[in-house]
1. If I model a spin label as a point 7 Å beyond the Cα along the Cα-Cβ vector, how far apart are those points for GLU139 and GLN60 in nm?
2. For a protection proxy built on the mean count of beta-carbon atoms within 10 angstrom, sort 54-62, 41-49 highest first, please.
3. Tell me the net charge near GLY406. Cut-off is 14 Å between Cβ atoms, GLY406 excluded, with +1 for each Lys or Arg and -1 for each Asp or Glu.
4. Excluding ligands and nucleic acids, what accessible area in Å² is computed for LEU394 using a 1.4 Å probe, to the nearest 10?
5. Given contacts defined as C-alpha pairs under 8 Å and at least six residues apart, what's the relative contact order of the range 206-302, whole-number percent?
6. Specify the inter-centroid distance of the range 372-412 and the range 322-339, based on alpha-carbon positions, in whole Å.
7. Using heavy-atom solvent-accessible surface (probe 1.4 Å) with all chains present, what is the largest-first order of ARG327, ARG232?
8. Around SER324, with a cut-off of 12 angstrom between Cβ atoms, what is the net charge of the other residues, counting Lys and Arg +1 and Asp and Glu -1?
Amino acid sequence: MTTEKLALQGGPKTITKSFKRYNSIGKEEVEAAKVVIESGVLSQFLGCWNPDFYGGTKVQEFERACEKYFGVKHAVTVNSWTSGLIAAVGAIGIEPGDEVIVSPWTMCASATSILHWNAIPVFADIEPETFNLDPKSVEANITPFTKAIMAVDIFGHSCDIDALMEIAKRHNLKVITDSAQAPGVFNKGRMTGTQAHVGGYSLNYHKHIHTGEGGILVTDDDDIFERLQLIRNHAEAVVADKGVTNLVNMVGYNFRLGEIECAIGIEQLKKLKGFVEGRQRAAERLTEGLQGLVGLRTPIIKPDCTHAYYVYPMILATDQLGVSRERILAALEAEGVTGLAAGYANLHLLPMYQQKLAYGSKGFPWTADICKRDVSYAKGICHVAEELHEKSYLGYAMCLNELEYGDVDLIVEAFRKVWSNLDKINF
Ligand SMILES: *Cc1c(COP(=O)(O)O)cnc(C)c1O
């Protein structure tokens, strides 16, 4: 098989079947949604101080189930995890002009949630092992204006939360974890997302479990819990009657998740462990199959951590291979491997940061006096993330398909075929 001509050069394609699409929704979700629809009460929230300020029965039932599952004191549902991140930044009391350190290697909302409160995202570099914030770079980016760290558990592997919490303690910072891609996995026996001051998960269609759109915030802090609920639901109209005296960031939104979504979420949560384990099994078989391929680094799992494999991250030692990542990608795609991506985010290089143009046309908040220094987004500030993006990172979206062992074996075969023909694709 490996001596066969590459599909890229007119040979036979390794993978001709299409894999079964990942679909977490089953009959339990259909039934749960049906019950809510038939009740006619699709949302019970009221944006004033009233028992319905907390939402209807399914919202509250889902939140209590999340508290139990993730082992936290409080859970708050929101209509997207982007909303959740915005609520989290507001709830910890971030002021306009405050600096929040964030990873550049993440989905854009991890950083825009900071900007939404007119605070300043400061990008620190990542570690190549897990693609998460490098604590050393975080420490180097702390200034007198730093107030928080936005840590991300990217691809499904925990960030170095112990080191980040220790840094935060020393510098009196708050920590938020964006565990959108890492629900239900562990770091030293504790679940990702639960060890920061506030954390949480996405429930959008592409994630391990979903409710169409949605998010879950988790915290052990009573004060943050109340503020999250207020920001979710028109804080400004509620504070007086609720007797809330701290008005910092009590500008509310409508971030409420509906009854149908929460009814679906209750069923999805019951299945999360099984879904994560399914991906772990597929990923472990892939890792086993790819061993021994020169210049290919399969995912690294740190001691006492588990991986949710939202993405299966690889690194190519292109110098050693003598072939560009783009040629390898083209060869793999020609063999029928779908879901590969050369590179990931370098948020600091987005036009918004490069031109420092966010709110209005005059560069607010960077040009306003609330911004106390000239924060750099220049190319070069995150050289690990930049090098990975430009040259050596190759990701495989494990979340696209429901992979059987036979499917994984076909992917392995495609990789092995390309690797045994590396000398022929360098043109
Ligand atoms: C998906 C995702 C988000 C945003 O979640 P939504 O529910 O789509 O708003 C934020 N951060 C990361 C890392 C994500 O993967």
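1. 4.7 nm
2. On the way: 54-62: 20.4, 41-49: 16.0.
The packing order, highest mean first, is 54-62, 41-49.
3. Details: positive: LYS17, LYS20, ARG281, ARG285; negative: GLU402, GLU404, ASP407, ASP409, GLU413.
Counting the neighbours of GLY406, the net charge comes to -1.
4. Accessible surface of LEU394 is approximately 0 Å².
5. On the way: 58 pairs, mean separation 28.3, N = 97.
This gives 29 percent for the range 206-302.
6. 15 Å
7. Numbers: ARG327 55, ARG232 0 Å².
Reading off the accessible areas and sorting them downward yields ARG327, ARG232.
8. Values: positive: ARG325, ARG327, LYS391; negative: ASP319, GLU326, GLU390.
Computed value for this residue: 0.
The values are calculated or read from the model by the stated rules, or taken from the named source; none is laboratory data. Everything numeric here is computed off the predicted structure, so don't read it as measured data. For neighbour counting, all protein chains shown are included, and Cβ atoms are generated from backbone atoms with ideal geometry for every residue, glycine included. Heads up: the accessible areas ignore ligands, DNA and RNA and are worked out on the full protein's heavy atoms, side chains in. Shrake-Rupley method; radii C 1.70, N 1.55, O 1.52, S 1.80 Å.
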